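Since every read-out is calculated from the coordinates, none of them should be taken as a lab result. Keep in mind that this is a model prediction, so the values were computed, not measured. Cβ placement follows ideal geometry from the backbone for every residue including glycine, while neighbour counts extend to all protein chains displayed.
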Amino acid sequence: MDKLFMESIDAVSAYHTFSREESKLLSVVDKAADDFAIGEFEHYINKETNPDMQKVVKKNNLFGIPVSKEHGGLGMDMLMAVLTNQRFGHVSLGFPTFFDVNVFIAELTLQRWGTARQKMRYLRSMVKGERIFSFALTEPEAGSDPSMMKTEYEKRDGRFVLNGTKYLITNGSIADNMIVFAKSKSNPKDITAFIIDTNDKGFGVGMKLKEKLGLFTSDTAMPVFKNLEVSPDDVLGTEGKGLHVAYSALMSGRMGIASGCLGVIEGSLKAVTARAKERVQHGKPIGKHQLIQRHIAEIRQNLEMARWPTYFAAMRAKEYDGEPNNPSLRSEMDLRTSLAKKIASRLAFESADRAVQVFGGFGYSLLSPVGALFLDSRVARIYEGTDEIQELKIASKVLGEGFEAFS
Ligand SMILES: Cc1cc2nc3c(=O)[nH]c(=O)nc-3n(C[C@H](O)[C@H](O)[C@H](O)COP(=O)(O)OP(=O)(O)OC[C@H]3O[C@@H](n4cnc5c(N)ncnc54)[C@H](O)[C@@H]3O)c2cc1C
């Protein structure tokens, strides 16, 4: 098993006793991540979406990790989903982004807010690996402030009709279903979450976003809805309370992003350790130069600093998921996941930057093992709530009543 992954499992085991099934699954994850890394590296160099993600998750039965057994999942602790995402993040953030949107966001949101019918129809087939989801909140003019969205719905003959465009949507051109947020045409203060089927008439993909700075293996697209009809059975949560659903989805999503970032830090550390021993300059391996040792020490330190807020957030998740409407649990979860995402994403980017420095000129290439980590970790400070939005949320929790940010 990967040495750094084992170290992380060991760290977690101070707080969590792994069952035999969980230990077995972690070995499966470790091997699957190594196998996946080879193809991922090639797709990354070619700057193309990696089509194998769904297959890998399905084949290794990873879709259902944190989903309850009642809904066909493995019913495992959130820490298991975090460790899985972390291990796949050693090579890039492509897989963790895919896993985050499907598992941390879509499945947990369906489990939390879905009706019995929605869980039967969507959640169960997701767990089996038969459906890919995406989460469509952002629009060209509504990013950090989703209340500015223009996608709207109206009721016609007992059905909802959606019109609008979403922007920067992960899995946006490959998903079977989407959780889409739209504003009521008659009462624009009401935002509702809908589950839509991308095979339905009225759904289209405006464009695939290929000019990204990185994250090449993850699909990002611009879905368009033109008179797309949705059944009232596919309203997710309460009509008009869509932002409540969106913000709770993003809370879980932040754990997914933080765990992918732990993977980036581990991937950086692994790569620089090997390089520092192999690369000889000025008559000795560069790892014997103290200034290179400083980079290695800083990355190791970053791993330690990013790990605990992420694992701690995951440990609190079960309690929140048991009572998603409990305001104090929700507030605690909001703070924990904001801290985890803000800390882990910054430290991932800093670690990958140091890793590029240790690699020198070769590091500034997609052919090195650290180029993708550097490019991909930058987006983690932007998607699912920018650094600044996390700061506002963290500060508002410190300041207390009257200083609320977005929840
Ligand atoms: C590769 C990629 C994948 C993505 N995947 C998805 C997805 O699957 N689903 C989805 O819905 N979205 C997705 N997004 C969108 C992402 O969540 C948004 O980009 C992000 O929320 C920021 O919105 P914005 O880009 O419109 O920036 P803006 O909101 O325009 O922000 C610009 C700057 O202003 C700052 N700012 C804004 N408001 C405040 C404030 N009140 N106080 C202080 N500073 C502020 C921001 O922090 C930022 O620095 C993705 C983005 C990328 C790049």
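With 10 angstrom as the radius, rank Lys201, Lys128 by how many other C-beta atoms surround their C-beta, starting from the fewest. Don't skip to the end; give the middle numbers.
Details: Lys201 10, Lys128 13.
Result, fewest neighbours first: Lys201, Lys128.
Can you give the helix-only mean residue ellipticity at 222 nm for the chain, where every DSSP H stretch with n ≥ 4 adds -39500 (n - 2.57) and the sum goes over all residues, rounded to the nearest 500 deg cm²/dmol?
Values: 12 runs with 195 residues, N = 407.
The per-residue figure over the chain is -16000 deg cm²/dmol.
To check my understanding: the extent here is largest minus smallest coordinate of the Cα atoms along each principal axis. What are those three numbers for the chain, in Å, largest first?
79, 45, 42
Simple spin-label model, 7 Å along Cα-to-Cβ: Val398 to Ala297 in nm?
Spacing of the two 7 Å Cα→Cβ label points: 2.8 nm.
Going by Cα centres, the stretch 114-132 and the stretch 94-108 are how many Å apart?
Using only Cα atoms, the two centres lie 14 Å from each other.
How high is the FRET efficiency between Arg117 and Val28 when r is their beta carbon distance and R₀ equals 30 Å, given to the nearest 0.05?
Numbers: r = 32 Å, r/R0 = 1.07.
The calculated FRET efficiency here is 0.40.
Fully extended, how many nm does the chain gain between Arg20 and Glu278 (0.36 nm per residue separation, minus their Cα-Cα distance)?
89.1 nm
If you project the alpha carbons of the stretch 61-123 onto the principal axes, what extent comes out on each, in Å, largest first?
Projected onto its principal axes, the Cα set of the stretch 61-123 covers 38, 18, 17 Å.
Which Rg and Dmax, in Å, describe the Cα atoms of the stretch 135-236?
So, for the stretch 135-236, Rg and Dmax equal 13.2, 45 Å respectively.
Summing Lys, Arg as +1 and Asp, Glu as -1, what charge do residues with Cβ under 11 Å from the Cβ of Pro285 carry, Pro285 excluded? Present the calculation step by step, with values, prior to reporting the outcome.
Numbers: positive: Arg275, Lys277, Arg279, Lys284, Lys288; negative: Glu278.
Counting the neighbours of Pro285, the net charge comes to +4.
Which FRET efficiency value, to the nearest 0.05, is calculated for Glu304 and Asp387 with the Förster distance at 25 angstrom and r the Cβ-Cβ distance? If you can, show how the numbers build up before the last one.
Numbers: r = 21 Å, r/R0 = 0.83.
Rounded to the nearest 0.05, the efficiency is 0.75.
Remind me, what semi-axes does the stretch 3-131 give for its equivalent ellipsoid, largest first in whole Å, using sqrt of 5 times each Cα gyration tensor eigenvalue?
Numbers: eigenvalues 110, 83, 25 Å².
For the stretch 3-131, the ellipsoid semi-axes come out as 23, 20, 11 Å.
If the elastic network links every pair of Cα atoms under 10 Å, which of Phe99, Phe181, Phe160 fluctuates the most in the Gaussian network model of the chain?
In the Gaussian network model the winner is Phe160.
Quick check: the angle from helix 78-88's long axis to the longest principal axis of the chain, C-alpha only, nearest 10 degrees?
Compared with the principal axis, the helix lies near 60 degrees.
Checking the cross-link filter: which aspartates and glutamates have an alpha carbon closer than 15 Å to that of Lys208, excluding same-chain neighbours under 8 positions apart?
Partners found: Glu48, Glu139, Asp219.
Using θ = phi - 60° and the Karplus relation 6.51 cos²θ - 1.76 cosθ + 1.60, list the HN-Hα couplings for the stretch 46-56 in order, rounded to whole Hz, with x at every Gly or Pro.
With the stated coefficients, the stretch 46-56 comes to 7, 6, 10, 4, 7, x, 8, 4, 4, 4, 5 Hz.
Between the alpha-carbon centers of the stretch 218-279 and the stretch 370-407, tell me the distance in whole angstrom.
Going from one Cα centre to the other spans 13 Å.
Straight-line reach from Lys185: which lysines fall under 19 Å, measuring Cα to Cα and dropping same-chain residues less than 8 apart?
Partners found: Lys150, Lys155, Lys166, Lys226, Lys241.
When the chain is treated as a GNM, springs tying every alpha-carbon pair under 10 Å, which of Gly256, Gly267, Gly129 comes out with the largest mean-square fluctuation?
Fluctuation is largest for Gly129.
Hey, what D do you get for the stretch 215-336 in µm²/s if you plug the Kirkwood alpha-carbon radius into Stokes-Einstein at 20 °C and 1.002 mPa s?
Numbers: Rh = 18.5 Å.
Rounded to a whole number, D works out at 116 µm²/s.
Pop a pseudo-label 7 angstrom from the Cα along the beta-carbon direction at both Glu319 and Ser144 and give the gap in nm to one decimal.
Result for the modelled spin labels: 3.0 nm.
Under a crude label model (7 Å from the Cα following the beta-carbon direction), how far is Met207 from Lys128 in nanometres?
Label at Met207, label at Lys128, 3.8 nm between them.
Taking 8 Å as the Cα distance limit and 6 or more residues as the minimum spacing, I'd like the relative contact order of the chain as a percentage. It would help to have the intermediate numbers written out before the result.
Numbers: 754 pairs, mean separation 65.7, N = 407.
This gives 16 percent for the chain.
Taking each pair of distinct Cα atoms in the stretch 180-235 once, what is the resulting Kirkwood hydrodynamic radius in Å?
Numbers: mean 1/r = 0.0755 Å⁻¹.
Over the stretch 180-235, the inverse of the mean reciprocal pair distance is 13.2 Å.
Using amide H atoms built 1.01 Å from N in the peptide plane, name the residues 5+ places from Ser134, or on other chains, whose amide H lies under 5 Å from its own.
Asn177, Met178, Ile179
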